[in-house]
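Below is one structure; the comments refer to it alone.
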Amino acid sequence: QVHLAESGGGLAQAGGSLRLSCAASGRYPMSWFCQAPGKEREFVAAISWSGGSTYYSDSVKGRFTISRDNAKNTVYLQMNSLKLEDTAVYYCAAAEPDHALLVATPKSVDYWGKGTLVTVST
């Protein structure tokens, strides 16, 4: 029933910026996760269904900003000051609103996007 579609990934220089978008079908609490080759999927950022609450991993806090436009059914991840270690596939994720205010663990996710690749180079 819920389809998530990420876009905006690509190549960026270290210190540069990218903006990821995720089209969603409803006002769900949503998150971004990332997964690099050989590593487990990791939490990046979360936002409540209303957009009033956000939460970030320590590694991206101060550099990335999660936001949403519920009128457009879209969640965003503004990625600034990119680092080489940010290179990963980034996944949009959502949970049923009755399950959680913020979704910060993979086990809390009800729906996953297919991912968009972010590659940061020197």
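The values are calculated or read from the model by the stated rules, or taken from the named source; none is laboratory data. Worth saying up front: this structure is predicted, and the values here are computed from it rather than measured. When we count neighbours, we look across all protein chains shown, and the Cβ atoms used for this are built from the backbone with ideal geometry, even at glycine. Accessible surface areas use protein heavy atoms only, side chains included; no ligands, DNA or RNA. Shrake-Rupley method; radii C 1.70, N 1.55, O 1.52, S 1.80 Å.
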Review point. Filter the range 65-83 for residues that are touching a Leu at 6+ places or on another chain (Cβ under 6 Å) and not β-branched (Val, Ile, Thr); which is farthest from Met30 (Cα to Cα)?
Key: Met79
Practice item. Check Ser31, Ser81 and return the single one that is part of a loop (DSSP other than H, G, I, E, B) and touching a residue at least 60 places away in the same chain (Cβ under 8 Å). Key: Ser81
Practice item. State whether the residues of the range 93-114 include one that is under 19 Å from Ser7 (Cα atoms) and surrounded by fewer than 14 Cβ atoms within 10 Å (Cβ to Cβ). Key: yes
Check your understanding: Taking the range 89-122 only, how many residues are assigned to a loop (DSSP other than H, G, I, E, B) and either modelled with pLDDT of 95 or more or within 16 Å of the chain's Cα centre (by Cα) (or both)?
Key -> 11
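Working only within the range 2-26, note down all residues that are outside any strand (DSSP E or B) and either in contact with a Pro (Cβ under 7 Å, 6 or more places away or on another chain) or on the phi > 0 side of the Ramachandran plot (or both).
Matches in the range 2-26: Gly8, Gly15.
Give the range 38-58 a look and list any residue that's open to solvent by less than 80 Å² (accessible area, probe 1.4 Å) and either among the small types (Gly, Ala, Ser) or in contact with a Lys or Arg (Cβ under 7 Å, 6 or more places away or on another chain) (or both), or say none.
The answer is Ala45, Ala46, Ile47, Ser48, Ser50, Gly51, Gly52, Ser53, Ser57.
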Review point. How many residues are out of contact with any strand residue (DSSP E or B) (no Cβ under 6 Å at 6 or more places or on another chain), open to solvent by 40 Å² or more (accessible area, probe 1.4 Å) and either at pLDDT below 95 or more than 29 Å from Ser121 (Cβ to Cβ) (or both) when one looks only at the range 1-37?
Key: 5
Review point. Of all residues in the range 77-90, which are open to solvent by less than 30 Å² (accessible area, probe 1.4 Å) and either in contact with a Lys or Arg (Cβ under 9 Å, 6 or more places away or on another chain) or over 19 Å from Gly115 (Cβ atoms) (or both)?
Key: Leu77, Met79, Leu82, Asp86, Ala88
